[in-house]
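Below is one structure, written out as structure tokens, with a few remarks after it.
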Amino acid sequence: MAEDCLFCAIVAGEVAVTKVREDDDTVAFTDVNPQAPVHILVVPKRHIADIAALGADPQASAALLHAIRGLVDAERLADFRTVFNTGAGAGQSVFHVHAHVLAGRPMAWPPG
Ligand code: AMP
């Protein structure tokens, strides 16, 4: 657990969230500031800063993708968008890697 990491605190149960899914390696919970009718964050339980660091760990990478697949199945999501913001300049505000899973409204591409 990293000090001063909000998502580590969520994983540890120190900050209350609405959990949607959990397995040995990951937790999924609803985003507090949803950008779509469905907006769920999927995070590894272990502190990993961003997708670049995640990608260096094939086992953790597979676990996160597997969790997204499990979430999509459980929530019966057909069309959805998965976003990893990486770096402050790209909108990352919590430096514990997380997939945003967004669904429930039409989404333009490219995003605004
Ligand atoms: P990012 O800006 O890509 O790092 O995404 C961080 C996300 O965490 C944002 O969409 C926030 O709305 C969300 N967030 C921040 N605090 C909480 C919280 N306590 N519970 C759930 N989601 C949160």
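Just to be sure I understand: with springs between alpha-carbon atoms less than 10 Å apart, which residue in ALA36, ALA74, ALA99 has the highest mean-square fluctuation in the Gaussian network model of the chain?
Highest fluctuation of the listed residues: ALA74.
Rank these by accessible area, largest first, 1.4 Å probe: MET107, MET1.
From most accessible down to least: MET1, MET107.
Hey, in the GNM for the chain with a 10 angstrom Cα cutoff, which one of ASP79, ASP50, ASP31 fluctuates hardest?
Checking each option, the largest mean-square fluctuation is seen for ASP79.
Work out how much length ARG105 to GLU3 would gain on full extension: take 0.36 nm times their residue separation and subtract the Cα-Cα distance, in nm to one decimal.
33.1 nm
Over the residues of the range 6-103, compute the C-alpha Rg and express it relative to 2.2 N^0.38 Å.
0.99
The values are calculated or read from the model by the stated rules, or taken from the named source; none is laboratory data. All values derive from a computational prediction rather than experimental measurement. Calculation scope for accessible area: heavy atoms of the full protein, side chains included, ligands and nucleic acids excluded. Shrake-Rupley method; radii C 1.70, N 1.55, O 1.52, S 1.80 Å.
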